[in-house]
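As structure tokens, the structure follows; a few thoughts come after it.
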Amino acid sequence: NNNNNNNNNTLTFSIPSFTSEDPHKILLHQATNADEDQGLSETNTGFVMWPSAVMLSHHISKNPSIVLGDDNSPDGDVMELGAGCGLVGLTAATLLQNHTDEDNDDKVIFTDYNPVVLENLQKNIDLNDFDVDHKVLGLDWFDQEEHQEQQQQQSDDGSDTTSEETTTNTTTTTTTWVDIEGNEHAQVRLILGADLIVCTNDADLVASTIDSALIDGGKAFILGADQYTRFGVQNFPDACRQLGLKVTVYEDLLETNFAVAEEVDGEVQQEQLMEELELGGYNQRAATMAHDFTFFHITKPIAKAVA
């Protein structure tokens, strides 16, 4: 169940909970941009909801251990990369609030590039009632590779300096990522991202950012439209592997979800998911299933200790 309040451009998403009869209610306001040309720019995709965010939110709600972690998960925070309106990060925050004890100090970090999108992200956080620690930070994918090179150079020169937030790590030279203000932040244990790859060079940029921001042993779950509708998607696995990241690719996610839903409760889950996707801008009649989704499971191996 969902609705669109046309008066204030606020959407209500009901993400199914698989540990409760009550769904997770997420409120979202879509950012507006007075500059029509800028609003259509590929650099401003965070102004509106995207179907991939709906798919990923449903997936982590069905599989809360992705967000909550397990005994083998490293300590650290959760990041939504290219958060846009923040549906995925808000779903993760809701899961953390509902399924962890009061002593849990995991933080959800919402990141994007455009200042207007960042302002709207904070507005969406304020719309939703959760007490999980969080930050909204600007992040430029182009900055991360240069930051890694600088850290490597500092390490080679024997003058490696780190910020107060840097995670202690003796097995790798890169232990931080950098925001658009130049501030360093500790690597996170989990990165979530929806519809990040739009242009050909996005494959390398997203892979580099994940490598920079993810702690050794951490995981990333990246979901987006398939290679038939997005440039760069087919190049993304190799871009990750060249950096030493392990990648598993799952194709045709929507078709798979429908097949599973049929086995569970017929058309109920299918209809609910499609309603949410359409609220996020998905047009099944126009796409006729050609627009499916590709899901990347990424793991950053634990580096071997230097003798």
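The values are calculated or read from the model by the stated rules, or taken from the named source; none is laboratory data. This structure is a prediction, so every number in the text was calculated from the model and none was measured. So basically every Cβ, Gly included, is an ideal-geometry build from the backbone, and we count neighbours across all protein chains shown. Ligands, DNA and RNA are excluded from the accessible area calculation, which covers all protein heavy atoms including side chains. Shrake-Rupley method; radii C 1.70, N 1.55, O 1.52, S 1.80 Å.
For D105 and D140, what does the FRET efficiency come to when R0 = 25 Å and r is the distance between their Cβ atoms, rounded to the nearest 0.05? Approximately 0.35, to the nearest 0.05.
For segment 180-223, the solvent-accessible area works out to 25 Å² per residue, with a probe of 1.4 Å and every protein chain left in place. The modelled label-to-label distance between K246 and I180, using points 7 Å beyond Cα along the C-beta direction, is 3.5 nm. A crude spin-label estimate for the pair T229 and D75, with each label 7 Å from Cα along the Cβ direction, gives 4.2 nm. Site pair E149 and V48 shows an inter-label distance of 3.6 nm when each label is modelled 7 Å from Cα along Cα→Cβ. Summing +1 for each Lys or Arg and -1 for each Asp or Glu among the other residues whose beta-carbon sits under 12 angstrom from that of V247 gives +2. Within the same chain, lysines fewer than 8 places from K219 are excluded, and of the rest, those with a Cα less than 22 Å from its Cα are K62, K107, K135, K246, K300, K304.
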